[in-house]
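Where a number appears in this text, it was derived from the coordinates with a stated rule and is not lab data. Since the structure is predicted, the reported quantities are computational estimates derived from the model, not experimental observations. Here the Cβ is made from the backbone with ideal geometry for all residues, glycine too, and neighbour counts use every protein chain on show.
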Amino acid sequence: MCIVLIRSLFLYILVIFAVRLMGKRQLGELQPSELVITILVSNIATLPIEDVNIPVIVGVTPILALVCFEVIVSCINLKAPRLRRLISGSPKIVVRGGCIERDILRELRFSVDDLLMALRSKDIFDLSEVQYAIVETTGSISVLKKQSEDTPTRSDLKIAADCSDPPLLIISDGRFIPQAMESMKLSRCAVETVLKKQGMSIDEVFIMTADASGSCFIADKQGSTPKKLRIGECNDKS
């Protein structure tokens, strides 16, 4: 039993390493070649776990070989568009100018129900709202709504707005996030000073975020009402 546990943990770590090496993608965003490699890796990894008579190296070698092959193919795809189209296919337009391309749907074996379901996933329940839709190589669908049906933006309404990055998490469960602190140009001493003014210590903070404008959000571990304040004075000017 101990041997099975050790083999399982080793292969578990190996598969995680292999998937990380292939890149960050959601399951529904995998290209066909990536999906095949993922299925093969998972099946190969189970063999040494199910049968202790199979050496671990028998599972490790093909996993590493497949992942290396996938990485090599991905690098080649970056420089060879034709090979990329051959392996992954190409996007297909299924709605053009508000009209449904029936021939393309048949080519993709996309039923009307499939199309409607894909549109619903984009919060579109009325086909008359769609100006342009394209099925990506991953099987997901991208949609452009008609301008008359699209949600107006601030620029459409002529409302001025400043562009800024989202807030960063600078304290998580009582611990500083050094990278975020450096990015926001905040010093630990300055943040501790602000918390002290609120009658709090670092250990009492569950979540604290800050943005470039100096706005700060603080939630403590006691579940009290979160606080939002300005910490412009916290910037480390020295």
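For the set Lys185/Lys228; Lys196/Lys227; Lys122/Lys158; Lys158/Lys227; Lys158/Lys185; Lys197/Lys227, the pairs lying more than 24 angstrom apart at their alpha carbons are Lys122/Lys158; Lys158/Lys227; Lys158/Lys185.
Computed over region 82-132, the P(r) tail beyond 13 angstrom holds 63 percent of alpha carbon pairs.
Determine which aspartates and glutamates satisfy two conditions relative to Lys145: a Cα distance under 12 Å, and not lying fewer than 8 residues away in the same chain. Lys145 reaches Asp123, Asp126, Glu129. A simple charge model with +1 on the Cβ of Lys and Arg, -1 on the Cβ of Asp and Glu and nothing else charged puts the dipole of the chain at about 460 debye relative to its Cα centre.
Here the residues Phe176, Phe69, Phe125, ranked from fewest to most Cβ neighbours within 10 Å of their Cβ, fall in the order Phe125, Phe69, Phe176. The mean sequence separation of alpha-carbon pairs under 8 Å and at least six residues apart, normalised by the residue count of region 168-234, gives a relative contact order of 31 percent.
Adding -39500 (n - 2.57) for every DSSP H run of four residues or longer, then dividing by how many residues the chain holds, sets the calculated 222 nm ellipticity at -14000 deg cm²/dmol.
Structural size metrics of region 168-234, computed from C-alpha coordinates, are Rg and Dmax of 10.5, 28 Å. Selection among Gln179, Ser224, Gly98 by position relative to the dipole of the chain gives Gln179 as farthest towards the positive end (Cβ unit charges, Cα centre). Cα-based radius of gyration for region 2-85, normalised by 2.2 N^0.38 Å, reads 1.21. The spacing between region 145-206 and region 207-233, judged by their C-alpha centroids, is 8 Å. Dipole check for region 2-85: with +1 at the C-beta of Lys and Arg, -1 at the C-beta of Asp and Glu, and the Cα centre as origin, the magnitude is about 500 Debye.
The aspartates and glutamates within cross-link reach of Lys92, meaning a Cα-to-Cα straight distance under 14 Å and a gap of 8 or more places when in the same chain, are Glu101, Asp103, Glu107, Glu136. Which of Glu129, Glu50, Glu34 has the fewest other C-beta atoms within 10 Å, and how do the rest follow up to the most? Arranged by neighbour count, lowest to highest, Glu129, Glu50, Glu34 become Glu50, Glu129, Glu34. Using a Cα-Cα cut-off of under 18 Å, which aspartates and glutamates could be cross-linked to Lys221, ignoring same-chain neighbours fewer than 8 residues away? Once the sequence-local aspartates and glutamates are set aside, what remains near Lys221 is Asp173, Glu192, Asp203, Glu204.
With semi-axes defined as the square roots of five times the eigenvalues of the C-alpha gyration tensor, the equivalent ellipsoid of the chain measures 42, 36, 17 Å, largest first.
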